[in-house]
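The next block holds one structure in the form of structure tokens; read it before the comments.
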Amino acid sequence: MDRLNILLVEDNEGDVFLISEALEELNLPLRISFAKDGREALEFLNSYLKSERNPAPDLVLLDINLPFKND
């Protein structure tokens, strides 16, 4: 099975910890990238578009109410 690339966009460190722990308990080959707000998430995704070295996320877990890009 190929590694599942996940982008977790969450500004609450406690939630990041809990989600990361839950994902790791699945015992799947995962690569989790983190962004703390909408701006960082867009920068991450734009960096993928500019460089094939960064794997595109297969799944984006997104906080509903993010600073900097929620308007």
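The values are calculated or read from the model by the stated rules, or taken from the named source; none is laboratory data. Keep in mind that this is a model prediction, so the values were computed, not measured. Backbone-built Cβ (ideal geometry, glycine too); neighbour counts: all protein chains shown.
Of these, Asp15, Asp11, which one is in contact (Cβ under 8 Å) with a residue 24 or more places away in the chain and assigned to a loop (DSSP other than H, G, I, E, B)? Quick ask: steps written out before the conclusion?
Details: Asp15 fails: assigned to a loop (DSSP other than H, G, I, E, B).
Among Asp15, Asp11, only Asp11 is in contact (Cβ under 8 Å) with a residue 24 or more places away in the chain and assigned to a loop (DSSP other than H, G, I, E, B).
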Does Leu28 qualify as being in a loop (DSSP other than H, G, I, E, B) and exposed (fewer than 13 other Cβ atoms within 10 Å of the Cβ)? yes
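Kindly indicate whether Leu23 is surrounded by fewer than 16 Cβ atoms within 10 Å (Cβ to Cβ) and either modelled with pLDDT under 90 or touching a strand residue (DSSP E or B) at 6+ places or on another chain (Cβ under 8 Å) (or both). I'd like the intermediate steps shown before the answer.
Values: surrounded by fewer than 16 Cβ atoms within 10 Å (Cβ to Cβ): no; either modelled with pLDDT under 90 or touching a strand residue (DSSP E or B) at 6+ places or on another chain (Cβ under 8 Å) (or both): yes.
So Leu23 does not fit the description; no.
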Looking at Leu4, Leu8, Leu30, can you tell me which residue is modelled with pLDDT of 95 or more and touching a strand residue (DSSP E or B) at 6+ places or on another chain (Cβ under 6 Å)? Leu8
